[in-house]
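So the structure is just underneath, and the comments pick up after that.
The values are calculated or read from the model by the stated rules, or taken from the named source; none is laboratory data. Every value quoted in this text rests on a predicted model; they were computed, and no experiment measured them. Backbone-built Cβ (ideal geometry, glycine too); neighbour counts: all protein chains shown. All accessible areas refer to the heavy atoms of the entire protein, side chains included, with ligands and DNA or RNA removed. Shrake-Rupley method; radii C 1.70, N 1.55, O 1.52, S 1.80 Å.
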Amino acid sequence: MIKISNLQKRFDDLEVLRDVNIDVAEGEVVCIIGPSGSGKSTLLRCINQLETPTAGEIQYDGKSITGGEMKLRDFREEVGMVFQRFNLFPMKTVLENVMLAPVLTKKKNRTEAKEKAMELLGKVNMADKANNRPSTLSGGQQQRIAIARALILNPEYIVCDEPVSALDVSVHAQILNLL
Ligand code: ADP
Ligand code: MG
């Protein structure tokens, strides 16, 4: 369970989030809808700790993230992230992008990480592009890689910030179904 209580975020004089309360149970899909500039990304960035909330609390399975009861690294294993603009590492191959996290966190050796990464690339139908650089792929293909990368640590949740808005309408359904 991700529990957000009385969350507030300000940037100087601009109060972007005020008294936000949301509970997200495992397996639940929650969509946050609002106009551009309404604070959707700020909320997601507070949830995955790219921003520090001004006030309020975020808990993961009863442990306070904002209160430091869970290490950032442990939290990141439980909560994957998919961005609007994919954010793949351009100098690495598709396979290297996907296998990076378990190698860096020493959860798996390179052989195991590679095996798991290839399995996930198969799931997102991108196994044949394993040795490509991201720049040689379409937006939809890059987002499929980003989804595989978000899944490799077996997260309980995936936080997605407008995961299809940079993509052609023709691939929206494909990516949403995959998610
Ligand atoms: P959305 O994702 O809903 O379009 P954002 O969360 O990106 O909205 O932005 C909400 C508001 O917060 C906007 O007015 C934006 O300019 C402001 N904002 C976002 N990030 C920062 C920042 N790092 N510093 C100052 N203002 C910011
Ligand atoms: Mg946004």
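Is it true that S64 is within 16 Å of ligand 2 (Cβ to nearest atom) and surrounded by fewer than 18 Cβ atoms within 10 Å (Cβ to Cβ)? Here the answer is no, as S64 does not meet what is asked. Go through (1) in a loop (DSSP other than H, G, I, E, B); (2) in contact (Cβ under 8 Å) with a residue 24 or more places away in the chain; (3) of a type in the set (S, T, N, Q); (4) open to solvent by 70 Å² or more (accessible area, probe 1.4 Å) for Q49 and report which single condition fails. That leaves (4) as the condition not met. The single residue among E57, E78, E69 that is out of contact with any Phe, Trp or Tyr (no Cβ under 8 Å at 6 or more places or on another chain), open to solvent by less than 90 Å² (accessible area, probe 1.4 Å) and among the charged types (D, E, K, R) turns out to be E57. The set of residues in the range 9-39 that are in a loop (DSSP other than H, G, I, E, B), within 16 Å of ligand 2 (Cβ to nearest atom) and free of Cβ contacts under 8 Å to residues at least 12 places away in the same chain comprises V30, C31, I33, G34, P35, S36, G37, S38. Condition first: open to solvent by less than 40 Å² (accessible area, probe 1.4 Å), modelled with pLDDT of 90 or more and under 13 Å from L95 (Cα atoms). Can you find one or more residues in the range 152-174 that meet it? Yes.
Are any residues in the range 53-89 within 16 Å of ligand 1 (Cβ to nearest atom), modelled with pLDDT under 95 and over 21 Å from G27 (Cα atoms), and if so, which ones? Correct list: Q84, R85, N87.
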